[in-house]
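See structure below.
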Amino acid sequence: MDFKGIHDRLRAIQAPGLLGADEPREADPEVEGDKGRAGDPFVLVDPQAMPSFLECCRADSVLSFEMVIDQTATDPGTDEDHFWVNIQLLSLAHKHRLAVKAILPKSDPVMPTSALVHKTCRWHERECAEMFGITFEGHPDPRNILLPDDWDGNPLRKDYEYPEEYHGISCK
């Protein structure tokens with residue numbers, strides 16, 4: 001099934017939290033500064049509804065997205081006031097994929113955990129929490145997996161300033 005078919009199905013079953021979709025496009029020469037958009041098509045989902053959305057995508061027999069193959073976040077820059085949470089779904093049964101995105105404000109990056117729907121989210125969410133400072137409410141094991149417990153800050157945020165040293169080891 002192609003992206004349009006998946007998006008149509010999500011609308012038909014009224015997938016919880018579905019806000020819209022975006023597909024790659026060429027730059028519009030009529031609009032000054034429009035660069036178009038490259039990359040994969042994706043659906044935009046309300047972050048507070050993400051667990052319900054993922055459950056719906058897995059349970060629907062036409063979609064059958066039984067695997068979360070990746071979950072990460074991106075910080076578009078210091079002049080932006082939000083993060084993107086990015087999830088990649090895979091259906092082995094139907095051999096199709098779906099990119100799912102949610103927008104979280106940097107001032108309060110909190111969303112419910114999806115680890116209760118997909119166990120692989122346990123690891124991915126822990127990494128997002130460490131690297132970006134996103135809180136996944138209800139996560140069963142929010143310990144660090146990459147950084148020491150006493151590390152200060154979130155290194156993948158664009159506004160992060162690395163310390164000069166950590167326990168006597170130079171970080172520069």
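So here's what we get for this one:
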item	result
Trypsin sites (Lys or Arg not before Pro) within region 52-109: DSSP coil, no more than 15 neighbouring Cβ in 10 Å	Lys95
Exposed GluC sites (Glu not before Pro) absent: longest stretch of the chain, with sites in DSSP loops and at most 16 other Cβ within 10 Å deemed exposed	81-160
Debye intensity ratio in log₁₀ form over the Cα atoms of region 13-82, taken at each q of 0.14, 0.20, 0.28 Å⁻¹	-0.63, -1.04, -1.32
Phi-based couplings in Hz for region 36-41 (Karplus 6.51, -1.76, 1.60; Gly and Pro marked x)	x, 8, 9, x, 7, x
In order through region 162-172: 3J(HN,Hα) via Karplus (6.51 cos²θ - 1.76 cosθ + 1.60), integer Hz, x for Gly, Pro	5, x, 4, 8, 10, 6, x, 9, 5, 9, 8
Inter-label distance, nm, simple model (7 Å from Cα along the C-beta direction), Val110/Lys35	3.4 nm
Net length gained if the chain between Trp151 and Lys95 were fully extended (0.36 nm per residue, minus Cα distance)	16.1 nm
Dipole in debye (nearest 20) - region 3-170, about Cα centre, beta carbon charges: Lys, Arg +1; Asp, Glu -1	1040 debye
Cα shape, the chain, gyration tensor, a/c 1.5 rule	oblate
Top of Pro24, Pro47, Pro16 by mean-square fluctuation, Gaussian network on the chain, Cα under 10 Å	Pro24
For the chain, built as a Gaussian network whose Cα springs stay under 10 Å, the top-fluctuating residue of Val45, Val62, Val31	Val31
Simple label model, 7 Å out from Cα along Cβ direction - Asp159 to Thr120, nm	3.3 nm
Once the Cα gyration tensor of region 50-141 is diagonalised, semi-axes √(5λ) in Å	24, 14, 11
Choice from Arg143, Arg11, Arg37 with maximal GNM fluctuation in the chain (Cα, 10 Å cutoff)	Arg37
Restraint check, Lys35/Lys95; Lys35/Lys106; Lys95/Lys158; Lys95/Lys119; Lys35/Lys101; Lys106/Lys172, Cα-Cα greater than 29 Å	Lys35/Lys95; Lys95/Lys158
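Each value in this text was obtained by applying a stated rule to the coordinates, not by laboratory testing. Here the structure is a predicted model, which means the values were calculated and not measured. Heads up, the Cβs are rebuilt from the backbone with ideal geometry, glycines too, and the neighbour counts pull from every protein chain shown.
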